[in-house]
Amino acid sequence: MDKPIRRRVQLAPWVLGAVLGAWLSAPSAEAANTLDALSSKDAAGGLRAALSQGVGKAVTQLGAKNGFLNDPKVAIPLPPTLEKADHALRMVGMSGDADELHAAMNHAAEQAVAQARPVFEDAVRHMTVADAKTILTGGEDAGTQYFRRTTSAQLTAKFKPIVAAETAKLSLTEKYDHFAGQAAQFGLISKNEANLNDYVTAKALDGLFSRIADEERAIRKDPLGQANSLIKQVFGAL
């Protein structure tokens, strides 16, 4: 017998709200009374508001000037193949090239991340009831993992040409080739060992999802401290 075909169904916002509200009515005895007081519209609205808030803060922070460079947690380092070369070049007084390359890579990432918001908004619009249930009852980064699953391919496709344009504008390819060429003189690397645009794109995505996860954890840890009243109601009741 043929297996049934599974289709991903996009639900209208009011349908998602109604079903989510019904499911939320009694996930546990401890939270039932509080969740019963929420309308289906509020339940869906609170979840969407929390996801949008986390994304908004992450994009704003990292998409700002020096958003990556000024954040040690997400600042993009030189590619692994250049780390040893960087140390060697600094030892012989060539630190300027390494610093310029490092800064240019991070500026390319911030330009890409600044364009990410529409992709996340689309992911929120296409969220299913099953997605919502997983996010609300999942771990501290369940929302972030939802975004990673549903947006990574689209963000990569969107980021890569932006990174490529920025690296070209900042002469990053030339900087990389020059830096790698100097390193090759010491027998440390070959300038063909890494695809720089792929590397910067991947690191930009990692940094963005890391910052979104931070924002999600903050909401879950202190829902009552959030400005949005629906976020307080929904996440405070879980």
Problem set entry | Single match in Ala218, Ala164, Ala183, Ala204 (criterion: at pLDDT 95 or above, in a helix (DSSP H, G or I) and buried (at least 16 other Cβ atoms within 10 Å of the Cβ)) | Ala204
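For segment 124-135, give me each residue that is open to solvent by 10 Å² or more (accessible area, probe 1.4 Å) and part of a helix (DSSP H, G or I). Steps first, please.
First, pick out the residues of segment 124-135 that are open to solvent by 10 Å² or more (accessible area, probe 1.4 Å): 124-126, 128-131, 133-134.
Those that are open to solvent by 10 Å² or more (accessible area, probe 1.4 Å) and part of a helix (DSSP H, G or I): Val124, Arg125, Val129, Ala130, Asp131, Lys133, Thr134.
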Exercise. Looking at segment 58-76, which of the residues that are among the polar types (S, T, N, Q) and in contact with an Asp or Glu (Cβ under 8 Å, 6 or more places away or on another chain) is farthest from Val113 (Cα to Cα)?
Worked result: Asn66
Problem set entry | Selection within segment 189-201 - surrounded by fewer than 19 Cβ atoms within 10 Å (Cβ to Cβ) and at pLDDT below 65 | Ser190, Lys191, Asn192, Glu193, Ala194
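Filter segment 119-156 down to the residues that are β-branched (Val, Ile, Thr) and touching a residue at least 24 places away in the same chain (Cβ under 8 Å) and list them by number.
Those that are β-branched (Val, Ile, Thr) and touching a residue at least 24 places away in the same chain (Cβ under 8 Å): Val119, Val124, Thr128, Val129, Ile135, Thr137, Thr144, Thr150, Thr151, Thr156.
The values are calculated or read from the model by the stated rules, or taken from the named source; none is laboratory data. Source: prediction; values computed, not measured. We place every Cβ from the backbone using ideal geometry, glycine too, and count neighbours over all the protein chains shown. With ligands, DNA and RNA removed, areas are computed over all heavy atoms of the protein, side chains included. Shrake-Rupley method; radii C 1.70, N 1.55, O 1.52, S 1.80 Å.
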